[in-house]
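The values are calculated or read from the model by the stated rules, or taken from the named source; none is laboratory data. What you are looking at is a predicted structure, and each value in this text was computed from that prediction instead of being measured. Cβ placement follows ideal geometry from the backbone for every residue including glycine, while neighbour counts extend to all protein chains displayed. Just the protein is used for accessible areas: all its heavy atoms, side chains included, with ligands, DNA and RNA removed. Shrake-Rupley method; radii C 1.70, N 1.55, O 1.52, S 1.80 Å.
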Amino acid sequence: MAATDREQQILAWIKQNPLISQNELAELCGITRSGVAAHISNLMKKGYIQGKGYIVTPPSYVAVVGAINIDHYGVAMQDVVGESSNMGRIVSSVGGIGYNIAYNLNRLGVPNYLISVYGDDENGERVKQDAYANGIDITHARQISHMPTSTFLSVVSAQGRQIVGLDDMQISAEITPEFLAQREQTIVNAEMVAIDSSLPSDAIAWVCEKTSRPIFVRVVSVNKAARITPVLDRIDTMVLNSAEAKFVSGIEVHDEASARDCAEHLLRSGVRNVFLFVDDSDMLYCCEHESFFWSLPGRAEERRYTNGGASAALSALVWARREHKTQRECARYASAAAAMNMSQVQSICADFSEEAVRRKADLLQ
């Protein structure tokens, strides 16, 4: 007998986390615990499950600690006129740095758990449905009552450059050391940990203190970049753009030479690897003994969006590390992943995959 849509949804959560409780399932599904119990009973009768399992967590996975947002992008159709209405198009999608990284890692075949928070509102339900549809494991995330899911608004010029970004991310303050301590084993047992600088400073410090595994950091927003500076010596890999680089290193990046100065400063500060967006076309990957500078193929005036490029690059760097790629290959795949996501305004690319990234990387030989 076929499972209903709700039963298929519950079965998917159980497959992601065989030890998940009925209360946790009820919270994820937005129904009562007794409702979940009835669905589980039906799944057992239909032969889909044989009871609560005790399957060991996969031996190799990545813990992603970061934000979940609902992203709204307004793209102008012509030059923007201030203090006036402008023609354009508006698109919306589930995003946030943590969510984007988890999505990209899934597409690259990297098992991961997303540790985050989202609201008990319509947007929160949208997050759960999108995570279910894309196989993103949010069983270690928490839906918080009486708080809205964080949102991000980006106004983008007709040339593809962000004019201004506004975020309403008050709920992220709930990612406290106490919140993380309840998920400590998931974090410390991960093969690698990915975080973003939108986390509160004490949460960033907690992660850096507790785990001995490589930490990958996506620096996001010049207003939040400074949160990462106290822990530079704990960072394995940092991904950032030129505006964020100035706030982290004090060096203004405007060309290849200044980008190398900035990366070398960060390496001296303890960061092991730096991936730096010089502009919309040029990228630098720098480690202790090697550095690689890439210019994306195509016309200089070609429209490139920047919202999802850095998260895609970080995800590719995590994947390449797990695949034991050389530093040159890490740089090439990260650049290729960034280029893919810079082709559309949304921060995630529906066509993102290991095969697609490899094909794009072939253009960067």
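Values computed for the structure shown
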{"item": "Any hit, region 35-43, residues being surrounded by 12 or more Cβ atoms within 10 Å (Cβ to Cβ), in contact (Cβ under 8 Å) with a residue 40 or more places away in the chain and of a type in the set (S, T, N, Q)", "result": "no"}
{"item": "Residue satisfying all of: in region 1-34; in a loop (DSSP other than H, G, I, E, B) and aliphatic (A, V, I, L, M); surrounded by the most Cβ atoms within 10 Å (Cβ to Cβ) among these", "result": "I20"}
{"item": "Pair list, Cβ under 8 Å, 6 or more apart: region 4-21 residue small (G, A, S), other residue not in a helix (DSSP H, G or I)", "result": "A12/G135"}
{"item": "Options L28, L43, L19; residue that is modelled with pLDDT of 85 or more, over 25 Å from V155 (Cβ atoms) and not basic (K, R)", "result": "L28"}
{"item": "Condition check for L232: in contact with a helix residue (DSSP H, G or I) (Cβ under 9 Å, 6 or more places away or on another chain), modelled with pLDDT of 95 or more, open to solvent by less than 10 Å² (accessible area, probe 1.4 Å) and under 20 Å from I204 (Cβ atoms)", "result": "no"}
{"item": "Which numbered condition G135 fails, given (1) of a type outside the set (D, E); (2) within 15 Å of the chain's Cα centre (by Cα); (3) open to solvent by 60 Å² or more (accessible area, probe 1.4 Å)", "result": "(3)"}
{"item": "Whichever residue in region 208-226 is open to solvent by 10 Å² or more (accessible area, probe 1.4 Å), modelled with pLDDT of 95 or more and in contact with a Leu (Cβ under 9 Å, 6 or more places away or on another chain) and, among such residues, is farthest from W319 (Cα to Cα)", "result": "K210"}
{"item": "Single residue of region 180-189 satisfying the filter (buried (at least 16 other Cβ atoms within 10 Å of the Cβ) and either modelled with pLDDT of 95 or more or part of a helix (DSSP H, G or I) (or both)) that is nearest to the chain's Cα centre (by Cα)", "result": "I187"}
{"item": "Which listed residue is more than 23 Å from Y61 (Cα to Cα) and either open to solvent by less than 40 Å² (accessible area, probe 1.4 Å) or among the aliphatic types (A, V, I, L, M) (or both), from E256, E290, E264, E244", "result": "E244"}
{"item": "Leading residue by the ranking (nearest to the chain's Cα centre (by Cα)) among those in region 337-348 that are open to solvent by less than 20 Å² (accessible area, probe 1.4 Å) and farther than 15 Å from R359 by Cβ", "result": "S347"}
{"item": "Members of region 192-212 found to be of a type in the set (S, T, Y) and within 16 Å of the chain's Cα centre (by Cα), listed by number", "result": "S197, S198"}
{"item": "Boolean, V91 is within 8 Å of the chain's Cα centre (by Cα) and either loosely packed, with under 14 Cβ neighbours inside 10 Å or in a strand (DSSP E or B) (or both)", "result": "no"}
{"item": "Residue match in region 274-293 (condition: within 17 Å of V318 (Cβ to Cβ), of a type in the set (V, I, T), modelled with pLDDT under 95 and within 21 Å of the chain's Cα centre (by Cα))", "result": "no"}
{"item": "Residue that is over 21 Å from D261 (Cα atoms) and either among the β-branched types (V, I, T) or open to solvent by less than 30 Å² (accessible area, probe 1.4 Å) (or both), where the choices are V278, V357", "result": "V357"}
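Matching residues to (1) modelled with pLDDT under 90; (2) surrounded by fewer than 24 Cβ atoms within 10 Å (Cβ to Cβ); (3) of a type in the set (D, E, K, R):
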| site | (1), (2), (3) |
| --- | --- |
| R304 | yes, yes, yes |
| A313 | no, no, no |
| A320 | no, yes, no |
| S335 | no, no, no |
